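Before any comments, here is the structure.
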Amino acid sequence: MLVVTFTKAAASELKERISSALSDAIADNPGDRRLQRQFVLLQKAQISTIHGFCLDLIKKNFDRLGISPSSKVSDEAQTSLMKQQTADNVIDNYYSGLPGYDDIENFADFADNFISLKDDRLSSILISVYDRVSSFPQGIGFLSDSAKELEKVADEGINGTVFGRLIKEHMTGLFSYYRDVFSDACEYFRDGDVFENKYLPAFEYEYGFVSSLLAAAEAGDTEKVGDIIAYRSPVKLGAVKKELQTEESSFYREVRESFTKNALNRLTEQFLSQNDETVRKTARKTHDFVYKLYLFLSAFDRLFSAEKRKRDLLDYNDLERFAYDLLVGADGMPTETAKEISRGYDDIYIDEYQDVNRVQDAIFAAISSESSRFMVGDIKQSIYGFRGAEPSIFAGYRLNGEIDKIYLRHNFRCDAPIIDFVNLVCGTLFTSAGKTVPYDETDALVCGKAESGDAPVEIAVIDTGDFRAQGRRATEADFVADRIGRLIAEGYRPGDICILLRSASRAAAMYEDALSARGIICRNQLKRDLFVNPEVLLVMDILNVIDNPSRDIYLAGALKSPVFDFSLSELVRIRKCSADGSLYSALKKYAGTNEAGAAKCRNFLDRLEAYRKLAAEPVDRLIWAIYCDTHIFALATGSDGEQDKKANLLMLYDYARKFESGSYRGLYNFIRYINDVLESGAGFEAAASESDNAVRIMTIHQSKGLEFPVVFLSDCGSAFSDADIKDRVLINRDFGTTMKLSDETGLASYDTVMRRAEAVGIKQISCDEEMRVLYVALTRAIKKLIVTAADTDPDTLISSSKMKARFGRSGNGYAYRTADSYISWILMAAHGYSVNVIHPEDNGEAQELSETADIVPAFSPDEVSALAERFRERFSFVYPGAGQNIPAKLSVSELYPEVLDDYADAAKYSPDGADRMKMPAFVSEASATAADIGTATHQFMQFCDFGLLGGKGVDSEIVRLTSRGFIDAHTASLADRAAITRFTETPLFPALRDAEFIRRELRFNIRLPAGMFTADPLMRAALSDETVLVQGIMDCVFTDGNGRLTVLDYKTDRIPYELRHDRCAAREYIINRHIGQLSYYRLACREMMQRDVDRVLIYSFSLSEAIEIPKERFTEA
């Protein structure tokens, strides 16, 4: 017997259950030798995951596959990093035209088609395509097959292809729905005098119009559909007073408006705007790119496979692919190896079959060719489409009349009201709009509990109309947190409650904050990166110190940590002991003294030396030794999230252990590996939270297989994600591969009819998966299910959903398939169910304040007198030097030699002075000023790449900066392109471009003697011990090829008219105007760089010239 499931936890649980059942049976029949034998054999039973079975099969056939017998399975982070590095190498090889990488003509054009101004991660995009096709039986060959389908479109046109079928299905569903709605509207309006005269003619026209469209669509005549729309001549609606409108009339009117303004326009844009010649042309171009993509990924696969073989590594795709190659022949039939394995089993049991992909299904089919295969699954719970799961496979077996079926309808988890609600909602959805979920009366759940609670399912829609400033999700999170508080007061434990979210990344933090604000313990179980947790960062600090103690930041972090417990004052004393050199050298020097804390330093150095000797051992042993020596687990004891912290530390140890089992070993390589993975964006998953008595916040996917007494299904008003159809390249096992294409400029891309058709098909598949995700969410609750959503107009949402439900089955469930949220589905499917509309203002601030007023403590008269005296003492305190009116901080732009003299009268800074809050420029000025243009030009100079600016020009660099988010579109439009172009033609430009050292927007804070800023001798004497903090930002500081340190400031000042023909006078004007500011820049730069400044330059955009200020013009401080 072979038993296969999807997760290690499930396999372990299954073994435990069988062991428990056998133990009970042996207790009842102690003399049964057969039961005893089965109990002993259980430990050797083949109960494993799919990948465990595949790995075992591969290990037994290393010689046939040409794989090293020492091969191991790499972790996901390591695999991701290897893919990234390999893809970068393949891209470089193609750009360089190396032998074996010359089969893609004009590779630069190919690469440009896959990137955009918003996304230039070429390697990541290509890797994502590789990952998608790897789960298909054809592998990369799927792209070659896709190219053939596109070639068919190019040669014969789109009709008769998979894309033509998708377009036809989309149009017939759309037109069927609107035809039924308009037909119903006509019947309704015939019954009322006002509506019959005002509305009926318009709706009769729409009914006839859409009926014609439906007939053309059903005939597959797309051209005729376009002609009918082009010659549309609608009848205008008559005017009906608002007070005469009904719920039905408003709905029909809104549907008609949506049809005319949205549906028809969108349909025309999607499928009717391109003629047959254009469609064929874009199909040919798409074919070329898809085939080149096949060539590229073939080269990538060869190099990636070679790299894995070199390191004796296998990834999870390898496990399935090698098993498939061993078991399935080129003709798709079982190999002799498969038949031999099949003869070794009487029965094969596979759990969660609804989540298999085609490769896995082919593997199981091959090994069950001569044995029984028992497949267990629930199509309604197939929610892993993003991992390649194909529920249609299990659905196909279910519809096969030759296969015996057993229906497991009884649910022993949920109370009866929850079961009834699930049947109502999901039964309606699956039968109305679900295409991949066969559903009939045998699929309806039956409550299997002997005793069931009777708490009804709650639906709460929170009205956020007056609370938009808080945010829709925040308002809903507050409601949920308050409701949880009441449940806990009723006797529920926090651990009994779970908040389920479709996408925790968007809302989880808000629910966590709302619960924490009310003192409710909670755990946000959203997948987090291991290396954002302080306990893990501390260990990495220590490892970095062991590797190289001369790195100050890591050493300071380790010393200051609770492990070594150095205080900030101790670190300051250590640093002062040796101002030069590293903190490590200062630590060693201080340890040799008799100063306070020297013994503590010596103890640390002794421990560090012991760790460094252990560094020669495998890194996992080093980490465990650190754990034991530092008692780091004890540090987590008693802290918030204690179990999570310990689990994360064990996770780090496990990562190290896996790393040491690979081809790269040692502390240095481990640290480098961690840093490379983090830089690649792959990340490491933290340990799952193990906290018991806490409200769980998790995604619906994380909840699969779990159950909770109380479940809040929240954030149901959020729109479904359309990420599946936003990718530049779309891939689907049934529809093929399509993509957006770059236009001739390369700066923009356009969609194709084929890609839009595939997007429609993928959206239907995504819709079906969302229905299954909703089913999983609703069936997690044991006793109480509470559905929550937020909306700005709940009453309209509810009434509209009620009307749409009347046409739920029209057009293949068009109303359901075009709904945009769970709450819309629920309200449509359960439109007769009670809905609570929550108005947050009903529990407003006044009530909250009155409730908290009683807990403010009262004070005795003596205590009041004592407090009053303390307030008088503190409020009458006068700071030293307060009468001198010296500012604590000044910016460079405010400085001039007598600035403190002007401070003395305080007029400029008094409440009644001129320094009042000004109206923002975007309010007071309608058009851009010279200052706006100057600011935009400065911002361009701050971020531009001088090399690209010189090579590709101003326009290209502005496009790059805008696409990367360095400057916005408004700034890009204002930047003075002509002035910047002239700048690139000056001698200064190559000096900047080729500078050995350059810093732009260099911020500084320095303290200068206050006496520098007054001409009053008495004030200067009084301020002899005072300093002023001066802050500013230097435009640019650089060192040229001759080693000269230069301060450069950009100026966009307009030259006075009378000086425009006298460049010498104009230069002098600019120097005189800015020398004060530049003198402080020069002084700050000297302090920061600890060397003299060789040149101070002003680049005047008005003069298109760099002006050097003579050194003698500066007054030394």
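Read-outs throughout are calculated quantities, based only on the coordinates presented, and are distinct from any laboratory measurement. A quick note: this is a predicted structure, and the numbers were derived from the prediction, not measured. Cβ placement follows ideal geometry from the backbone for every residue including glycine, while neighbour counts extend to all protein chains displayed.
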- Message: Using the basic label-point model (7 angstrom from Cα toward the beta carbon), what is the R343 to Y316 distance in nanometres?
- Response: 3.5 nm
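Per residue, how big is the convex hull of the stretch 976-1098 when only Cα atoms are used? Give it in Å³.
Each residue corresponds to 140 Å³ of Cα convex hull volume.
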- Rounded to the nearest 0.05, what FRET efficiency is calculated for L948 and A1065 with R0 set to 30 Å and r the Cβ-Cβ distance? 0.25
- Query: Quick one: which of K449/K783; K449/K784; K72/K704; K560/K588 span more than 22 angstrom between C-alpha atoms?
  - Reply: K72/K704
- Message: Give me the mean projected area, in nm² to one decimal, of the convex hull enclosing the Cα positions of the chain.
- Response: 63.3 nm²
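Would you please put 74-81, 101-108, 228-235, 516-523 in order of how densely packed they are, using the mean number of other Cβ atoms within 10 angstrom per residue and starting with the highest?
74-81, 516-523, 101-108, 228-235
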- For the stretch 163-269, how big is the tail of P(r) above 21 Å, as a whole percent of Cα pairs? 35 percent
- Message: As an exercise, use a Förster radius of 60 Å and the Cβ-Cβ distance of K281 and E617 to find the FRET efficiency, rounded to the nearest 0.05.
- Response: 0.40
- Task: Before anything else, pin down the relative contact order of the stretch 163-269: Cα pairs under 8 Å, at least 6 apart, normalised by residue count, whole percent.
- Result: 30 percent
- Suppose R0 equals 51 Å; then what is the FRET efficiency for D722 and N603 from their Cβ-Cβ distance, rounded to the nearest 0.05? 0.30
- Note on the structure: Sparse-neighbourhood loop hits (GluC sites (Glu not before Pro), the stretch 368-442; DSSP loop; Cβ within 10 Å at most 16 others) -> E370, E402
- Task: Would you mind checking the tilt of helix 416-432 against the longest principal axis of the Cα atoms of the chain, expressed as 0 to 90 degrees and rounded to 10?
- Result: 80 degrees
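On full extension of the chain, what length is gained from D820 through E458, given 0.36 nm per residue of separation minus the C-alpha to C-alpha distance?
128.2 nm
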- Among V760, V695, what is the fewest-to-most ranking by other Cβ atoms within 10 Å? V760, V695
- Non-local residues with an amide H under 5 Å from the amide H of L713, with H modelled 1.01 Å from N and Pro and chain starts lacking one, are L500, I786, V787, T788
- Message: Taking the number of other C-beta atoms within 10 Å as the exposure measure, put H831, H287 in order starting with the fewest.
- Response: H831, H287
- Task: At q = 0.11, 0.16 Å⁻¹, work out log10 I(q)/I(0) for the stretch 530-680 with the Debye formula, treating every Cα as an identical point scatterer and leaving solvent out; two decimals please.
- Result: -0.44, -0.91
- Taking a 20 Å limit on the Cα-Cα distance, which of the listed pairs K241/K261; K59/K339; K435/K763; K281/K740; K168/K285 fall beyond it? K241/K261; K168/K285
- Give the value in nm², to one decimal: projected area of the alpha carbon convex hull of the stretch 391-510, averaged over all directions. 11.1 nm²
- Any idea how far apart N106 and R1007 come out in nm if each label point goes 7 Å out from Cα toward Cβ? 6.5 nm
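Give the residue list of trypsin sites (Lys or Arg not before Pro) in the stretch 724-767 that are DSSP loop and have at most 12 other beta-carbon atoms within 10 angstrom.
On the way: sites: K726, R728, R733, K740, R755, R756, K763; in loops: K726, R728, R733, K740.
Qualifying residues, ordered by number: K726.
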- Item | E1026 versus D131: modelled label distance in nm, points set 7 Å from Cα along the beta carbon direction | 6.2 nm
- Query: How many percent of DSSP beta bridges within the chain run antiparallel, rounded to 5?
  - Reply: 35 percent
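Please tell me the relative contact order of the stretch 1072-1117 in percent, rounded to the nearest whole number, where contacts are Cα pairs under 8 Å and at least six residues apart.
32 percent
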- Compute the long axis of helix 954-963 from its Cα atoms, compare it with the longest principal axis of the Cα atoms of the chain, and write down the angle in degrees, 0 to 90, nearest 10. 60 degrees
- Message: Are there any chymotrypsin sites (Phe, Trp or Tyr not before Pro) in the stretch 379-453 that are in a DSSP loop and have at most 16 other Cβ atoms within 10 Å? List them by number.
- Response: Y407, F412
- If the chain between A931 and E1108 were fully stretched, how many nm would it gain, using 0.36 nm times the residue separation less the Cα-Cα distance? 61.3 nm
- Calculate, in nm to one decimal, what D793 and L706 gain on full extension: separation in residues at 0.36 nm each, minus their alpha carbon distance. 27.9 nm
- Message: Over the Cα atoms of the stretch 325-475, each weighted equally, I'd like the Debye log10 I(q)/I(0) at q = 0.11 Å⁻¹, rounded to two decimals.
- Response: -0.63
- Item | Shape box of the stretch 1-152 [Cα atoms, principal axes, largest first, Å] | 78, 35, 34
- Relative contact order of the chain: what whole-number percent is it, with Cα pairs under 8 angstrom and at least 6 residues apart? 12 percent
